[in-house]
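Colleague: Starting off with a structure, shown below.
Values in this text are rule-based calculations from the coordinates and carry no lab data. In this text, all values refer to a predicted model and were calculated from it rather than measured experimentally. Here the Cβ positions follow ideal geometry from the backbone for every residue, glycine too, while neighbour counts run over all protein chains shown.
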Amino acid sequence: MTAVIDKPHLTREHALDLLKQMIRIREFEGKCAELYTQEKIRGFLHLYDGEEAVAVGVIPVLEKRDRIVATYREHGQALVRGVPMTVVLAEMYGKQEGCSRGRGGSMHLFDRASNFYGGNAIVGGGLPLAIGLALADHMQGEKIVTACFFGDGAVAEGEFHESLNLAALWGLPVLFVCENNLYAMGTALAISESETDIQRKASSYRIASEAVDGMDVVAVETAARRGVHAIRESGKPYFLECRTYRLRAHSMFDAQLYRDKAEVEAWRRKEPIVRFRGWLEASRMIHPEEVEQIYKEVAAEIAEAVAFAEAGTWEPAEELTHFTYAERAAEAEATRHD
Amino acid sequence: MTETAPSASIELTYREAVREAIRDALRRDERVFLMGEDVGRYGGCYAVTKGLLAEFGPERIRDTPLSESGFTGAGIGAAMAGMRPIVELMTVNFSLLALDQILNNAATVRHMSGNQFGVPLVIRMATGAGRQLAAQHSHSLEGWYAHIPGIKVLAPATLEDGRGMLWTALQDPDPVLIFENVMLYNMTGKLAADAGPVDIGKAAIRRPGRDISLITYGGSLWKTLEAAALLAGENIDAEVIDLRTLRPLDDATIMASVKKTRRAVIIDEGWRSGSLAAEICTRIVEQAFWDLDGPAARVCSEEVPIPYARHLEIAAIPQVPKIVTAAKAALGRT
């Protein structure tokens, strides 16, 4: 372990990588929205527009052996974690080449290879799971961190409080990452919480906590490094509240009657990609051409993902009941395409 | 049941048989641990886990806060990360607080993840009425759980099964729920000193007979056997099937029996409407209709919350006289 790990090294290369990861998510999801209107993607589609700095700031700080539990708004987490864009999009198409074989869709991206324990679409439902993953590591003497993403809406759930208590009580290595985008679907935080300062709830469970500007990728990364370092040193949980904002609708069905356009516009001026790019260019750390190059690379990656998803195949309906139990897993495993 | 020489068997309670199963599992496999409310210092709400804390320590006999959803979900996560947890939920009524985790995570993860993750978790809980604990501690909801694809549901009714099903359940790569009827904990009997794991896929014929199939499980097994003994006094030779596993159901054993006896009564402590008994009835109609000499019948709980008063509680759930009456009616005898 390096001597100082709580400070990000904002080299040019690292800065470009952070920017690229955010652009990957933004551009990919823009394409997803388009594919949704074309009915290539169905079901619910929850976009991360505006919140990219959270996943991009937190996930690269984790090691390969660390674990991630995410929510139904998890395309960004999956991409940053290294789940290939091809299989993520194929999943959203419902194709068997998808990362969950088309069984999960947008809200349930899973990837064993990268310890990605899924998008969980029950608000708060992923927190107890994260506690269990961390409990197993704790009992097996493994210094593994479980990062658990959830939104401000989860804070109202009993599972949030049960999980924070268990993590603190048993001293479990969980990085709680609250993506506070101020709205639980259409219900503003102030309408659902008596205490809107979320990180204070964590400290009431004696969990080290901090709130950070979730629109600033460098600030998020710095805080995440601090948190992960603290967890590895102490084995105890750490709570990171990332104050962010969802710039698009909750899902593709949301008419956004609950908030003013002016509010959204005000937040758009603070959005993480423009802000980080502007700062990097102003400080002459990167050239605009390099950003253009990023966009080109991302466009190519997206084109490849679309081609992959389009070329994907439908799982025969005869295989519908496979994987309900493990008994039939072996035969089906042999037919996996990856 | 198996015949064992007296010298090779020990006398014990169902409670002790389950405790022995837990102790054995903890000794056999370091990945096994038990967590739940009052399992440690208190010794278990029904005293099943008494003494285990001293033997295995607080990491493996883990007292939890009253956070059913939290610690059941933690069991799921721990199972996904290589442990073999046994989660104890105090009663089936409390398990409803963990239903999100059981249904939305444990039962779905393998399928929803395209077979990337499994949940080798065992959840034990007490079920059933008979202790005057009224409407929030006495229900029999195992039939509800048996509705859910992705989990297996066991109902050990004998000492052998109380002792033997747990280890087999722990070897299963998928979540297994074990329902222990509260009226069985004090039941005593003889168990082979070397009793060990048993299969969990098959129903058992606890009493062979020719005239009618009485199909049951859990706490109702012993009432049904008592009813069968009374029926024998009236020259009715009843076959008693102990389902043992409620999901998946062992259709083969049920149908073979019904095809032989041509009559069936299902005894189920769950409520009648939408019950496991209804499911079994349907399967008999689907698979053995032409072998029946009369309609299949059911003895279930009355459609009320289980009441406190002793006489009302008795009236609410299946009892020996009701089973006898139903069996005779199915045979056209009064």
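Colleague: Determine which residues of segment B:154-194 fall in the zone a paramagnetic label at B:ALA8 would reach in this model, i.e. backbone nitrogen under 12 Å from the point 7 Å along Cα→Cβ.
Modeller: Only B:192-194 pass the distance filter.
Colleague: With the Cα gyration tensor of chain A giving a ≥ b ≥ c as the square roots of its eigenvalues, does the rule (a/c under 1.5 for rounded; else a/b larger than b/c for prolate; else oblate) give rounded, prolate or oblate?
Modeller: It is rounded, given that a/c, with a ≥ b ≥ c, falls under 1.5.
Colleague: Now, a different point. How many nm separate the modelled label positions at A:GLN38 and B:ILE314, each set 7 Å beyond the Cα in the direction of the Cβ?
Modeller: Rounded to a tenth, the inter-label distance reads 7.3 nm.
Colleague: Over all residues in B:65-72, what is the mean tally of Cβ atoms on other chains that come within 10 Å of each residue's Cβ? Please report the intermediate quantities before stating the final value.
Modeller: Values: counts 4, 1, 10, 3, 9, 14, 7, 3.
Taking all residues of B:65-72 together, the mean is 6.
Colleague: Exposure proxy check: B:SER113, A:SER203 ranked by fewest other beta carbons within 10 Å? Walk me through the intermediate numbers first.
Modeller: On the way: B:SER113 25, A:SER203 13.
Sorted ascending by nearby Cβ count, the order is A:SER203, B:SER113.
Colleague: Along the charge dipole of segment A:181-307, pointing to its positive end and built from +1/-1 on Cβ of Lys, Arg, Asp and Glu, which listed residue (A:ILE198, A:VAL274, A:VAL298) has its Cα farthest out?
Modeller: About the Cα centre, the residue reaching furthest to the positive side is A:ILE198.
Colleague: Using only Cα atoms and rounding to the nearest 10 degrees, what angle (0 to 90) does helix B:320-330 make with the longest principal axis of chain B?
Modeller: 50 degrees
Colleague: In nm, what is the difference between 0.36 nm times the number of residues separating A:ARG206 and A:GLU304 and their Cα-Cα distance? All intermediate terms of the calculation are to be shown ahead of the outcome.
Modeller: Values: separation 98, 0.36 × 98 = 35.28 nm, distance 4.70 nm.
Fully extending the segment from A:ARG206 to A:GLU304 adds 30.6 nm.
Colleague: Taking 41 Å as R0, compute the FRET efficiency from the Cβ-Cβ separation of B:ALA256 and A:ALA317 and round it to 0.05.
Modeller: 0.80
Colleague: Still on this structure: Within 10 Å of each Cβ in B:103-112, how many Cβ atoms from other chains are there, averaged over the peptide?
Modeller: Details: counts 1, 4, 9, 1, 1, 5, 8, 7, 11, 13.
Mean shielding by partner chains, rounded to a whole number: 6.
Colleague: Can you flag which of B:LYS202/B:LYS322; A:LYS95/A:LYS296; B:LYS190/B:LYS260; B:LYS202/B:LYS259; B:LYS152/B:LYS223 are past 20 Å Cα-Cα?
Modeller: Values: B:LYS202/B:LYS322 27 Å; A:LYS95/A:LYS296 26 Å; B:LYS190/B:LYS260 31 Å; B:LYS202/B:LYS259 18 Å; B:LYS152/B:LYS223 25 Å.
Table pairs above 20 Å Cα-Cα are B:LYS202/B:LYS322; A:LYS95/A:LYS296; B:LYS190/B:LYS260; B:LYS152/B:LYS223.
Colleague: With +1 on the Cβ of every Lys and Arg and -1 on the Cβ of every Asp and Glu, and nothing else charged, how large is the dipole of chain A about its Cα centre, in debye rounded to the nearest 20?
Modeller: That gives chain A a dipole magnitude of about 620 debye.
Colleague: On a straight-distance basis, which lysines could pair with A:LYS270 in a cross-link, Cα separation under 21 angstrom, same-chain partners fewer than 8 positions away excluded?
Modeller: Once the sequence-local lysines are set aside, what remains near A:LYS270 is A:LYS20, A:LYS261.
Colleague: Would you be so kind as to identify which of B:THR188, B:VAL122, B:ALA106 lies farthest towards the positive end of the dipole of segment B:11-192, taking Lys and Arg as +1 and Asp and Glu as -1 on Cβ and the Cα centre as origin?
Modeller: Value: B:THR188.
Colleague: Would you list which lysines come within 25 Å of A:LYS143, measuring only between C-alpha atoms, while excluding same-chain residues fewer than 8 positions from it?
Modeller: A:LYS7, A:LYS64, A:LYS236
Colleague: Pairs of alpha-carbon atoms within less than 8 angstrom and 6+ residues apart define the contacts here; what relative contact order does chain B have, in percent?
Modeller: Relative contact order of chain B: 16 percent.
Colleague: Separate question: If we count other beta carbons within 10 Å of each Cβ, what is the order of A:PHE149, A:PHE28, fewest first?
Modeller: By the 10 Å Cβ count, ascending: A:PHE28, A:PHE149.
Colleague: Straight-line reach only, C-alpha to C-alpha below 13 angstrom: list the aspartates and glutamates that A:LYS201 could link to, leaving out same-chain residues fewer than 8 apart.
Modeller: Candidates past the 8-residue exclusion: A:ASP152, A:GLU157, A:GLU162, A:GLU193, A:GLU210, A:GLU241.
Colleague: How much net charge surrounds A:SER194 when only the other residues with a Cβ under 14 Å from the Cβ of A:SER194 are counted, with Lys and Arg +1 and Asp and Glu -1? Write down the numbers at each step before the final one.
Modeller: Working: positive: A:ARG200, A:LYS201; negative: A:ASP152, A:GLU193, A:GLU195, A:ASP197.
Local charge sum for A:SER194: -2.
Colleague: Right, here's the next one. Distance between the C-alpha centers of segment B:256-334 and segment A:119-163? Whole Å please.
Modeller: 44 Å
Colleague: Run the paramagnetic zone check for B:VAL304: 7 angstrom along Cα to Cβ, then residues of segment B:118-155 with backbone nitrogen under 20 Å.
Modeller: Residues B:128-141 fall inside that zone.
Colleague: Quick check: Cα centre of segment A:46-76 to Cα centre of segment B:107-186, how many Å?
Modeller: 35 Å
Colleague: Run lengths n ≥ 4 of DSSP H only: what is the helix-derived mean residue ellipticity at 222 nm for chain B, with -39500 (n - 2.57) per run over all residues, to the nearest 500?
Modeller: Computed mean residue ellipticity for chain B: -9500 deg cm²/dmol.
Colleague: Which order do A:CYS32, A:CYS242, A:CYS148 fall in if you start with the one that has the fewest other Cβ atoms within 10 Å?
Modeller: A:CYS32, A:CYS242, A:CYS148
Colleague: While we're on this one: Once you average over the residues of A:104-114, how many Cβ atoms of partner chains fall within 10 Å of each Cβ?
Modeller: Across A:104-114, the average partner-chain Cβ count within 10 Å equals 3.
Colleague: Give me the number: length gained by fully extending A:ALA326 to A:THR196, i.e. 0.36 nm times residue separation minus the C-alpha to C-alpha distance, one decimal in nm.
Modeller: On the way: separation 130, 0.36 × 130 = 46.80 nm, distance 4.38 nm.
Extra length available between A:ALA326 and A:THR196 comes to 42.4 nm.
Colleague: With charges set only on the Cβ (+1 for Lys and Arg, -1 for Asp and Glu), what does the dipole of the protein assembly as shown come to about its Cα centre, in debye to the nearest 20?
Modeller: The dipole of the protein assembly as shown has a size of about 900 debye.
Colleague: Take the alpha carbon atoms of segment A:92-116, find their center, do the same for segment B:194-244, and report the distance between the two centers in whole angstrom.
Modeller: 46 Å
Colleague: When a/c reaches 1.5 or more, the comparison of a/b and b/c decides; with that in mind, is segment B:22-179 rounded, prolate or oblate per its Cα gyration tensor?
Modeller: It comes out rounded by the Cα gyration axes.
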